[in-house]
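J.: What follows is a structure written as structure tokens; I'll ask about it next.
The values are calculated or read from the model by the stated rules, or taken from the named source; none is laboratory data. Fair warning: this is a prediction, and the values are worked out from it, not measured in the lab. All Cβ positions, even for glycine, are placed from backbone atoms using ideal geometry, and neighbour counts span all protein chains on display. SASA here: full protein model, heavy atoms, side chains in, ligands and nucleic acids out. Shrake-Rupley method; radii C 1.70, N 1.55, O 1.52, S 1.80 Å.
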There are 2 protein chains.
Amino acid sequence: MSTARVISALTRDGEPRTWSLIVTAFGDLARSDGAELSGPVLSAITGRIGVRPEAMRVALHRLRKDGWIASRRAGRVSYYRLTPAGRAEAQAASPRIYATGAPAPETWHILVAGPTEMAERLALESRLAAEGYVALAPGAWLGPGEGADREGLLRLAGPDLSVPGWLRAANMPPELAAAYASFAAHLDEAETALAETDPAALSDLDRAALRVLIVHGWRRLVLRHPALPDALFPADWRGAELRRRVAALLDAIGHPALDRIEPAPVLSGK
Amino acid sequence: MSTARVISALTRDGEPRTWSLIVTAFGDLARSDGAELSGPVLSAITGRIGVRPEAMRVALHRLRKDGWIASRRAGRVSYYRLTPAGRAEAQAASPRIYATGAPAPETWHILVAGPTEMAERLALESRLAAEGYVALAPGAWLGPGEGADREGLLRLAGPDLSVPGWLRAANMPPELAAAYASFAAHLDEAETALAETDPAALSDLDRAALRVLIVHGWRRLVLRHPALPDALFPADWRGAELRRRVAALLDAIGHPALDRIEPAPVLSGK
């Protein structure tokens, strides 16, 4: 059955880090308030992807310790859910991950800092980077919208932006461009294999496993750079095309009914 | 008579460089195509300001050699005029010198250069400075209007500009601010002395001498920095106030009838 080939195509870069994969699983399958994944269902999904039970246990322990997930027991079964902090992160990331288009601001603004001491400049630099600003030159940043005045910064806002090639290239460094190309190749294979399958015939477990793998590969790309309009990336960047294909694949695969997933043997019942 | 006191007030910083003063005289009194100043009239005006005849002869020689002025003789009298190149410079400067208001663009643009080699950056820097751009940061410049796209430069244009204090300060360095303050003091004295005079009673020679001195002091300030809107200068900069006072003084003094100026003895007739 071709789902195995799809999974193989999507995990070709080596087994993804289990804790990161589990974060993806919660973010895709149990992001809403009150949503839970039982240990057996989670084990079934990760097992389908090829994660060993021991790796799974270690990852769950770490995610609880780091405050990403919380758990409760009911009889012999553990139920896991995102903590409020974990859910907030997942919800903050989801517009990027499931976007069907890129932001296309009608207004932009540039901020320019005056001559400042290095330490102050670096602090500003990292604050603005965290807010999604694009560094243009030492002391100059580009952001979407009108922006707001900040003490000591020049601000010019307007609709008329011309983007040179060097900025597009700077927004997509070679390693990231290579990661996009690699994901594109995996997606090619996955699409080819899936084309042989009737999506309606997929089991809920396969649906869940495929979603998790696709979302996982995709979120690890899009969350590595600011959410910029396509015009700020190189003309040969395949991100816009991949965004459409990921959205179409997830749409074709559909959402699994988690309660119809055949549970794996209870984790903690050994 | 108080004109002497006005002249004294306006020349307090030491005798202005004669060739520069003569450029001012042509720019103010004989800027239009075909306009001439005879040697005797020019000598009368510069003599009234306190320029020695020998300094005058040297300056005229240098200005001819440098292509600023040309001359013709009619009998014993030389007539001087701006060369086409000299007139072009004078005409280019006159909107700045005689401005009654500052530019107030409704749109601005910022240009940002990518990472470039130092030599290329410096060449761009001086090209943009010559065009009146304001350097904001290494590789970032501000200009009025929409601007035009340039190979390799990012351009953002829009109406919404916030100007921080450091940029205002950078546009009016201490030496220039001091020169403005010094001119303001001279102008105070000149205005006080002139207030005792009925402008209608001024001789044409005094009218010419006063104009030349005021325009000279003023043009040496305004041409030392780009023609920026007042909002780009420090709040305590007195340029906007001085601009109004210079315009009002020139208006009160009026234009001299050059043909009514009593000529000085013919220069070359010794």
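J.: Which one of these does A:His61 not meet: (1) in a strand (DSSP E or B); (2) open to solvent by 70 Å² or more (accessible area, probe 1.4 Å)?
T.: So A:His61 meets the others, but not (1).
J.: Take B:Ala209 and tell me if it is within 14 Å of chain A (Cβ to nearest Cβ) and assigned to a helix (DSSP H, G or I).
T.: Spelling it out, it is not the case that B:Ala209 is within 14 Å of chain A (Cβ to nearest Cβ) and assigned to a helix (DSSP H, G or I).
Results for (1) more than 11 Å from chain B (Cβ to nearest Cβ); (2) in contact with a helix residue (DSSP H, G or I) (Cβ under 6 Å, 6 or more places away or on another chain); (3) not in a helix (DSSP H, G or I), shown as yes or no for each residue.
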| position | (1), (2), (3) |
| --- | --- |
| A:Ala104 | yes, no, yes |
| A:Pro115 | no, no, yes |
| A:Ala135 | no, no, yes |
| A:Leu142 | no, no, yes |
| A:Gly147 | no, no, yes |
| A:Leu156 | no, no, yes |
| A:Leu161 | no, no, yes |
| A:Trp166 | no, no, no |
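J.: Within region A:120-132, does at least one residue satisfy the condition of being more than 7 Å from chain B (Cβ to nearest Cβ), touching a residue at least 24 places away in the same chain (Cβ under 8 Å) and touching a Pro at 6+ places or on another chain (Cβ under 6 Å)?
T.: Checked against the condition, which is being more than 7 Å from chain B (Cβ to nearest Cβ), touching a residue at least 24 places away in the same chain (Cβ under 8 Å) and touching a Pro at 6+ places or on another chain (Cβ under 6 Å), region A:120-132 yields at least one hit.
J.: So if I check each of B:Leu202, B:Leu194, which one is closer than 22 Å to B:Arg219 by Cβ, more than 14 Å from chain A (Cβ to nearest Cβ) and under 23 Å from the mean Cα position of the chain (by Cα)?
T.: Details: B:Leu202 fails: under 23 Å from the mean Cα position of the chain (by Cα).
That would be B:Leu194, the only listed residue that is closer than 22 Å to B:Arg219 by Cβ, more than 14 Å from chain A (Cβ to nearest Cβ) and under 23 Å from the mean Cα position of the chain (by Cα).
J.: Moving on to the next point. For A:Glu151, which of the numbered conditions (1) part of a loop (DSSP other than H, G, I, E, B); (2) touching a Leu at 6+ places or on another chain (Cβ under 7 Å) fails to hold?
T.: (2)
J.: Among the residues that make up region A:52-72, is at least one of them of a type in the set (Ser, Thr, Tyr) and in contact (Cβ under 8 Å) with a residue 60 or more places away in the chain?
T.: No, region A:52-72 contains no residue that is of a type in the set (Ser, Thr, Tyr) and in contact (Cβ under 8 Å) with a residue 60 or more places away in the chain.
J.: What number of residues within region A:140-176 are open to solvent by 40 Å² or more (accessible area, probe 1.4 Å) and under 19 Å from the mean Cα position of the chain (by Cα)?
T.: 2
J.: Right, next: Could you list, ordered by first residue, the pairs with Cβ atoms under 8 Å in which the first is in region A:81-100 and among the β-branched types (Val, Ile, Thr) and the second is open to solvent by 20 Å² or more (accessible area, probe 1.4 Å) and not in a helix (DSSP H, G or I), at least 6 apart or interchain?
T.: The qualifying pairs are A:Thr83/A:Gly67; A:Thr83/A:Trp68; A:Thr83/A:Ala70; A:Ile97/A:Leu223.
J.: Using the structure shown, decide if B:Ala185 is more than 14 Å from chain A (Cβ to nearest Cβ), surrounded by fewer than 19 Cβ atoms within 10 Å (Cβ to Cβ), more than 28 Å from B:Ala4 (Cα to Cα) and modelled with pLDDT under 95.
T.: When the stated conditions are applied, B:Ala185 does not pass them.
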